[in-house]
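Below is one structure, written out as structure tokens; comments come after it.
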Amino acid sequence: KEIGKISDGKFTSLAYPGTYQVSVGGTKYFTGGTEKVAVGAVTSGYVDFAPKATKALEQDAEQYVTDLIDDCAEKTELRALSGCPWYGPYDADGGVQYDVTSMPELEVEASRAGTVMVTSTKDGSVSYSYTSYLGDKKRGEDSFDVNQYLKVEDGKLVSAY
């Protein structure tokens, strides 16, 4: 029987002393579960559910970051790189051509707050070519790491910021 109310991700309910089974339903991105909670004079009557990522969440979060990296590689203006995992050359005069030479290896972790953190366990690398302020044609390569925070909004992954 459903009782109590949910507010700010917390379920609160009055209960008589005893042992209760509390179930949380799953979604496409998070698993559900069932926990037992004892309520009485010497027990707290508190249970904590930690969201666990489903395979779909891991795949979609990795795809989100891969798409972000691909979008960043298509940009040529340095000021357009906001939110990208690399900065580009400091002395470019005009456009910069990027080529991702290796993708990072990614790890997806769901937090207790419901956010999703995608981090690189191995850096990626990007090469670039450009013309410097002095008119020289230059090439360079940098490694980059990923620290992307996501959240689920209306059933879709979006940036948490």
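The values are calculated or read from the model by the stated rules, or taken from the named source; none is laboratory data. Note that the coordinates shown come from a computational prediction; the quantities given were computed from them, not determined experimentally. Methodologically, a virtual Cβ is constructed for each residue, glycine included, from the backbone with ideal geometry; neighbour enumeration extends over all protein chains shown. In case anyone asks, the SASA skips ligands and DNA or RNA and just uses the protein heavy atoms, side chains included. Shrake-Rupley method; radii C 1.70, N 1.55, O 1.52, S 1.80 Å.
Taking the criterion of being in a loop (DSSP other than H, G, I, E, B) and either within 26 Å of the chain's Cα centre (by Cα) or surrounded by fewer than 10 Cβ atoms within 10 Å (Cβ to Cβ) (or both), the residues of the stretch 41-51 that qualify are 41, 42, 46, 47, 48, 49, 50, 51.
Pairs are defined by a Cβ separation below 7 Å, a sequence spacing of at least 6 or placement on different chains, a first member in the stretch 72-86 that is among the aliphatic types (A, V, I, L, M), and a second member that is in a loop (DSSP other than H, G, I, E, B) and surrounded by fewer than 16 Cβ atoms within 10 Å (Cβ to Cβ); the pairs so defined are 81/87.
Just one of the listed residues (102, 111) is under 27 Å from the mean Cα position of the chain (by Cα) and either under 30 Å from residue 30 (Cβ atoms) or without any contact (Cβ under 8 Å) to a residue 12 or more places away in the chain (or both), namely 111.
Within the stretch 94-134, the set of residues being small (Gly, Ala, Ser) and within 18 Å of residue 56 (Cα to Cα) comprises 110, 111, 114. Strands (runs of 3 or more DSSP E) fully within the stretch 58-161 that include at least 2 residues being open to solvent by 70 Å² or more (accessible area, probe 1.4 Å): 92-102, 105-110, 116-122, 137-144, 147-153. Among the residues of the stretch 125-161, the one identified as of a type in the set (Val, Ile, Thr) and without any contact (Cβ under 8 Å) to a residue 24 or more places away in the chain is 158.
One residue alone among 46, 64, 98 is under 23 Å from residue 136 (Cβ atoms) and either aromatic (Phe, Trp, Tyr) or modelled with pLDDT of 95 or more (or both), and that residue is 98. Using the structure shown, decide if residue 38 is small (Gly, Ala, Ser), in contact with a strand residue (DSSP E or B) (Cβ under 6 Å, 6 or more places away or on another chain), surrounded by 12 or more Cβ atoms within 10 Å (Cβ to Cβ) and farther than 23 Å from residue 123 by Cα. So residue 38 fits the description; yes.
Of the residues making up the stretch 4-35, those that are open to solvent by 60 Å² or more (accessible area, probe 1.4 Å), over 27 Å from the mean Cα position of the chain (by Cα) and in contact (Cβ under 8 Å) with a residue 12 or more places away in the chain are 16, 17, 19, 20, 21.
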